[in-house]
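Peer 1: To start, I am sharing the structure in question, which I have written as structure tokens.
The values are calculated or read from the model by the stated rules, or taken from the named source; none is laboratory data. In this text the structure is predicted, and so the values were computed from the model without any measurement. Here the Cβ positions follow ideal geometry from the backbone for every residue, glycine too, while neighbour counts run over all protein chains shown.
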Amino acid sequence: MEVPAGVEDGNYLNMQGKGNAGRRGGNYGDLLVIFEEKPHPFYKRKENNIHYTLKIPFTLAALGGKIEVPTFEGSKIIEIPAGTQHGEIIVLKNFGIPNLYDKSRGNFIVNIEIIVPKKLNAKEKELLKQLAESDHFTSISNENNKSTTENKKDKKSKDIFEKVKDAFQ
């Protein structure tokens, strides 16, 4: 039996003449094969797209770089852009499941999860504290949920859209 590429849970294949013998010497019946997909430990199928969660260290997310991703076509090196945020996606076009009815393919969708270390040594803590004090790193203040940099902004530096937005708040 040849299983066509792209079958999914609930699809079936009718194999004519491969079923039980007919009554009183009649023809063999048909065998109906119903496909059932088992969940994969780290790939998730949504239609013809494959979703894969890639856990990366926050340093790679901040600085950017290259990392290897396991696809159905073998390992593929992808580029993580500098400043990548938790929850962003990277799409590898045509690396998903083949369509059962035509020659198109789904996409391989990489969902980014950023790992924050739970334990830091003294040197790492000090380096992160220095980064937290720099202009490009902001902390959320309790008041109005605005970052400290936004609170320090001079009203003259606001563009027209920010002024209109402030007028309606």
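Peer 1: Can you pull out the residues in segment 42-85 that are in contact with a Phe, Trp or Tyr (Cβ under 8 Å, 6 or more places away or on another chain) and of a type in the set (Val, Ile, Thr)?
Peer 2: Ile50, Thr53, Val69, Thr71
Peer 1: A further question follows. Can you tell which of Tyr43, Tyr52, Tyr101 is at negative phi and in contact with a His (Cβ under 8 Å, 6 or more places away or on another chain)?
Peer 2: Tyr43
Peer 1: Here's a follow-up. Are any of the residues in segment 97-111 among the polar types (S, T, N, Q), under 22 Å from Ile67 (Cα atoms) and out of contact with any Lys or Arg (no Cβ under 8 Å at 6 or more places or on another chain)? Please lay out each step first, then the result.
Peer 2: In the first step, residues of segment 97-111 are kept if they are among the polar types (S, T, N, Q); the result is 99, 104, 107, 111.
Add one more test, that the residue is under 22 Å from Ile67 (Cα atoms), and what stays is 107, 111.
With out of contact with any Lys or Arg (no Cβ under 8 Å at 6 or more places or on another chain) added as a condition, the list becomes 111.
Yes: one or more hits.
Peer 1: Can you name the condition, by its number, that Lys46 falls short on among (1) in contact with a Lys or Arg (Cβ under 8 Å, 6 or more places away or on another chain); (2) surrounded by 11 or more Cβ atoms within 10 Å (Cβ to Cβ)?
Peer 2: Checking Lys46 against (1) in contact with a Lys or Arg (Cβ under 8 Å, 6 or more places away or on another chain); (2) surrounded by 11 or more Cβ atoms within 10 Å (Cβ to Cβ), the one that fails is (1).
Peer 1: Do you know which residues across segment 16-36 are exposed (fewer than 12 other Cβ atoms within 10 Å of the Cβ) and either polar (S, T, N, Q) or in a strand (DSSP E or B) (or both)?
Peer 2: Gln16, Asn20, Asn27, Leu32, Ile34
Peer 1: Any residue at all in segment 62-84 that is surrounded by 10 or more Cβ atoms within 10 Å (Cβ to Cβ), under 25 Å from Leu13 (Cβ atoms) and either touching a residue at least 24 places away in the same chain (Cβ under 8 Å) or touching a helix residue (DSSP H, G or I) at 6+ places or on another chain (Cβ under 7 Å) (or both)?
Peer 2: Yes; the residues of segment 62-84 include at least one that is surrounded by 10 or more Cβ atoms within 10 Å (Cβ to Cβ), under 25 Å from Leu13 (Cβ atoms) and either touching a residue at least 24 places away in the same chain (Cβ under 8 Å) or touching a helix residue (DSSP H, G or I) at 6+ places or on another chain (Cβ under 7 Å) (or both).
Peer 1: Okay, moving on. Of the conditions (1) surrounded by 12 or more Cβ atoms within 10 Å (Cβ to Cβ); (2) farther than 18 Å from Ile56 by Cβ; (3) not assigned by TED's automatic domain parsing to the domain that holds Asn49, Phe95 clears all except one; give me its number.
Peer 2: Result: Phe95 fails condition (3) only.
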